[in-house]
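Colleague: Below is one structure. I have some questions about it.
The values are calculated or read from the model by the stated rules, or taken from the named source; none is laboratory data. The shown structure was predicted, so the numbers you read here are calculated from the model rather than taken from an experiment. Don't worry about glycine lacking a Cβ; one is built from the backbone with ideal geometry, like all the others, and counts go over all protein chains shown.
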Amino acid sequence: MELLFSTSAPVSFFIAEGDREYADKLLQSFRPSEVVFQRQQQKKFKEYFGGKVYTYTLDEWIFDTAYTQEILLKHFQTHSLKGFGVEGMDQGLTAAGALIHYLRDTEHPHLQHITSIQRIDREDFLWMDRFTIRNLELISGHSEGNHTLLDVLNNTVSPMGARLLKRWIVFPLKELKRIQQRLDAVESLVLETDLRSELTQCIRQCGDIERLISKAPLRKINPREVLQLAKALKQVEQIKNLCQSSANPLLKQISTKLDPCANVAEKIFNQLSDDPPNAAGKGNVIREGVNPELDELRQIALHGKEYLAKLQATEAEKTGISSLKIGFNNVFGYYLEVTNSHKNKVPAEWMRKQTLANAERYITPELKEYEEKITGAEEKMQTLELRLYDELVTFLLDYVAAVQANGHLVAILDCLCCFAQNAIQFRYKKPEVHEGDSWEVKEARHPVIERHLPPGETYIHNDLLLDKNEQQIIILTGPNMSGKSALLRQTALITLMAHMGSFVPATEAKISLTDRIFTRVGASDNLSGGESTFMVEMNETASIINNITPRSLVILDEIGRGTSTYDGISIAWSIAEFLHNSPAMPRVLFATHYHELNELEERLPRVKNYHITNKEVGNKIIFLRKLARGGSTHSFGIHVARMAGMPPH
């Protein structure tokens, strides 16, 4: 299956290829507005991915390899595509070429803002399947009003940063060196308060330069936006200097890559007026002094009365006609009016146009020339301003790629500053990501729940250890509403945040490098697909069982509850046994209502029982939300029913 996606940012052009599961994950991650594919694949697409995505189909010939290859080479004006690092991705390149064909075909003739093509390599990122992205509520909640990880972490100050953060959440890093680079940069920004504050200020003032420059090839960028682009480039220059002053290697590296395009900013400032309109045809776009002809036309249009008064005074003085007047009518335009008493002083070159009872009206070559100028001035001004503005936009086209690169680098800085701000504001700590086997956190909290607690309530933190020697699998029991699911999710979210390069909600965190996070949380029917809750549950669990690796983190919540108790216990038991005995030995958190699973601790050496504590006061139950060793023997279902308002009888 080959699929190619363009993100919400107008300049991102990604290429990926893989199996159906990977395509499904990309659909969940990018949430594209539209998916384009071969007409013959329509039935298969709906069968695989459902009908929730808007699709458009194309004829088979458009996906011809030779044709699509030619389209891409012509578009990027290269002899080969090796420079983009996409060689060997034949299916993906075919999809990419077909997409360019489709864009051109649907009235997008100007695609110069697509200046490069980037590969999304499955192996570069921590893998999360679509169930995990959905279950952890990373970028969208299960129901309206649900808060997501994106909601909590997104304190970016630019639209570019917000878009990139979303991408970082669904594509966390897997390479230790790159994770460490980000974490160290965030640490620098936490410590260097003034630097962070100044960077944030500059980034905020940049606006959305990615979107602005992408409008230039389409000729949809207005004068006000062009001026904003120049102001943003000035901020880029400031950002470059600020990053250069930091001791952090990543910030210094970003500094060397930033190109403020000084000549572009200078040209825009020199040519555009200080407060241009939002449409090129409204006048006052081009600054005075840029074009002599335009200045003269403006002088005529704006200072016409002054010119006429001056001409009247000059002619009166020259001829000695003190009562000379300049007037205008629709029949023959501007004229000089002379009373009969001064008729004899009229120069021979003046042409008489009209005789009145006590005066004569004349025109002169100079007056006629001025009239032609003044009547055509407005129109000429508009035409000339549009031409000069168009030339400026054409000039910008050579710098689209450079400005896009700046936009991406500024977005990275925005995300890093955002992480630093979050760390200070929410008391996050720098995690130690390592290649060992143990996953250990002290006083860990759920990043989303803690932000939305009722006033005055504090989140109950917990310590947790998972390792391959002693505690590979934790069986977690405890009543409903006690906080089991929150503990499971926070474990996954802390792992994810650390791999994004973010600090985490804990006082100490040693996070083992993870390549996959699997979750099976909660129950949901896929009725439109004809699948019961139990079938959905088994599909998701099968996906986990078949794809675990030695560096996987597996989060299981209430496996087997979609069927009868006896079958459910059997399935849950066998899954726990399988994960324990698997050569991969993934780290597993397994929450269950089946207290029978506590027996596994006696039979399997790396399984440990834990429960969420509670206390009974009279006939009331109080959930303490603290993790403790040992299994729970009571699920308090009756108490929870009473709390929900079930009538006592």
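Colleague: Would you point out the residue of region 433-446, among those that are touching a helix residue (DSSP H, G or I) at 6+ places or on another chain (Cβ under 9 Å) and more than 23 Å from N614 (Cα to Cα), that is surrounded by the most Cβ atoms within 10 Å (Cβ to Cβ)?
Modeller: This residue is W439.
Colleague: Is at least one residue of region 240-257 out of contact with any Lys or Arg (no Cβ under 6 Å at 6 or more places or on another chain), closer than 16 Å to A402 by Cα and buried (at least 19 other Cβ atoms within 10 Å of the Cβ)?
Modeller: Yes: one or more hits.
Colleague: Return yes when E317 is more than 30 Å from R287 (Cβ to Cβ) and outside any helix (DSSP H, G or I) and no when it is not.
Modeller: No: the conditions fail for E317.
Colleague: Search region 50-64 for residues being in contact (Cβ under 8 Å) with a residue 24 or more places away in the chain and touching a strand residue (DSSP E or B) at 6+ places or on another chain (Cβ under 7 Å), and hand back the single one that is surrounded by the most Cβ atoms within 10 Å (Cβ to Cβ).
Modeller: The extreme case among them is F63.
Colleague: Kindly provide the set of residues from region 53-78 that are among the aliphatic types (A, V, I, L, M) and assigned to a helix (DSSP H, G or I), ordered by number.
Modeller: Result: I62, A66, I71, L72, L73.
Residue-wise test of (1) modelled with pLDDT of 80 or more; (2) within 20 Å of T519 (Cβ to Cβ); (3) surrounded by 21 or more Cβ atoms within 10 Å (Cβ to Cβ).
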{"site": "S564", "(1), (2), (3)": "no, no, no"}
{"site": "S570", "(1), (2), (3)": "yes, no, no"}
{"site": "H580", "(1), (2), (3)": "yes, yes, no"}
{"site": "I612", "(1), (2), (3)": "yes, yes, yes"}
{"site": "E616", "(1), (2), (3)": "no, no, no"}
{"site": "R629", "(1), (2), (3)": "yes, no, no"}
{"site": "H639", "(1), (2), (3)": "no, no, no"}
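Colleague: Which one is modelled with the highest pLDDT among residues in region 537-562 that are within 31 Å of the chain's Cα centre (by Cα) and part of a helix (DSSP H, G or I)?
Modeller: Out of the qualifying residues, it is I544.
Colleague: Out of E225, E293, report the one residue that is within 30 Å of I114 (Cβ to Cβ), among the charged types (D, E, K, R) and either out of contact with any Phe, Trp or Tyr (no Cβ under 9 Å at 6 or more places or on another chain) or free of Cβ contacts under 8 Å to residues at least 60 places away in the same chain (or both).
Modeller: Result of the check over E225, E293: E225.
Colleague: Here is a follow-up. Within region 429-443, is even one residue of a type in the set (A, V, I, L, M, F, W, C) and farther than 24 Å from S246 by Cβ?
Modeller: yes
Colleague: If you don't mind, there's one more thing I want to ask. Does E450 fit the bill of being in contact (Cβ under 8 Å) with a residue 12 or more places away in the chain, surrounded by 16 or more Cβ atoms within 10 Å (Cβ to Cβ) and among the acidic types (D, E)?
Modeller: yes
Colleague: Turning to a different aspect of this structure: Considering each residue of region 279-294, count those that are loosely packed, with under 13 Cβ neighbours inside 10 Å and either in a helix (DSSP H, G or I) or among the hydroxyl-bearing types (S, T, Y) (or both), and give that number.
Modeller: Total meeting the criteria: 3.
Colleague: Could you check how many residues of region 299-344 are exposed (fewer than 14 other Cβ atoms within 10 Å of the Cβ) and over 30 Å from K380 (Cβ atoms)?
Modeller: 8
Colleague: What residue, among those in region 320-335 that are of a type outside the set (G, A, S) and not in a strand (DSSP E or B), is farthest from the chain's Cα centre (by Cα)?
Modeller: So, considering only residues that are of a type outside the set (G, A, S) and not in a strand (DSSP E or B), the one farthest from the chain's Cα centre (by Cα) is I321.
Colleague: To continue, here is another question. Could you tell me whether A591 is surrounded by fewer than 21 Cβ atoms within 10 Å (Cβ to Cβ), under 45 Å from the mean Cα position of the chain (by Cα), of a type in the set (A, V, I, L, M, F, W, C) and modelled with pLDDT of 90 or more?
Modeller: For A591, the condition - surrounded by fewer than 21 Cβ atoms within 10 Å (Cβ to Cβ), under 45 Å from the mean Cα position of the chain (by Cα), of a type in the set (A, V, I, L, M, F, W, C) and modelled with pLDDT of 90 or more - is not met.
Colleague: Which strands (runs of 3 or more DSSP E) does region 404-468 wholly contain that include 3 or more residues that are of a type in the set (A, V, I, L, M, F, W, C) and either in contact with a Cys (Cβ under 6 Å, 6 or more places away or on another chain) or in the same structural domain as P583 (by TED's automatic domain parsing) (or both)?
Modeller: Filter on region 404-468 gives 439-444, 462-466.
Colleague: Output the residues belonging to region 345-370 that are assigned to a strand (DSSP E or B) and surrounded by fewer than 17 Cβ atoms within 10 Å (Cβ to Cβ).
Modeller: M351, R352, K353, Q354, T355, A359
Colleague: In addition: Would you check if there is a residue in region 471-478 being within 23 Å of the chain's Cα centre (by Cα) and crowded, with 23+ Cβ neighbours inside 10 Å?
Modeller: no
Colleague: I'm trying to understand the selection: among the residues of region 7-40, which are under 16 Å from T68 (Cβ atoms) and either at pLDDT below 80 or among the polar types (S, T, N, Q) (or both)?
Modeller: Q38
Colleague: Given the conditions (1) touching a Phe, Trp or Tyr at 6+ places or on another chain (Cβ under 9 Å); (2) on the phi > 0 side of the Ramachandran plot, and given that Q299 satisfies all but one, which numbered condition is not satisfied?
Modeller: (2)
Colleague: Scanning for something farther than 30 Å from E225 by Cα, in contact with a strand residue (DSSP E or B) (Cβ under 9 Å, 6 or more places away or on another chain), at pLDDT below 95 and not polar (S, T, N, Q), does region 411-433 turn up at least one residue?
Modeller: There is no residue in region 411-433 that is farther than 30 Å from E225 by Cα, in contact with a strand residue (DSSP E or B) (Cβ under 9 Å, 6 or more places away or on another chain), at pLDDT below 95 and not polar (S, T, N, Q).
Conditions tested, residue by residue: (1) aliphatic (A, V, I, L, M); (2) free of Cβ contacts under 8 Å to residues at least 24 places away in the same chain; (3) out of contact with any Gly (no Cβ under 9 Å at 6 or more places or on another chain).
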site: T383; (1), (2), (3): no, yes, yes
site: L386; (1), (2), (3): yes, no, no
site: L397; (1), (2), (3): yes, no, yes
site: V403; (1), (2), (3): yes, no, yes
site: G407; (1), (2), (3): no, no, yes
site: A411; (1), (2), (3): yes, no, no
site: A420; (1), (2), (3): yes, no, yes
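Colleague: Under the condition of being surrounded by fewer than 19 Cβ atoms within 10 Å (Cβ to Cβ) and not polar (S, T, N, Q), which residue from region 172-189 is farthest from I517 (Cα to Cα)?
Modeller: The extreme case among them is E187.
Colleague: Sticking with this structure for a sec: Kindly check whether there is at least one residue in region 203-213 that is under 30 Å from T394 (Cβ atoms), modelled with pLDDT of 95 or more and either of a type in the set (V, I, T) or in contact with a His (Cβ under 9 Å, 6 or more places away or on another chain) (or both).
Modeller: yes
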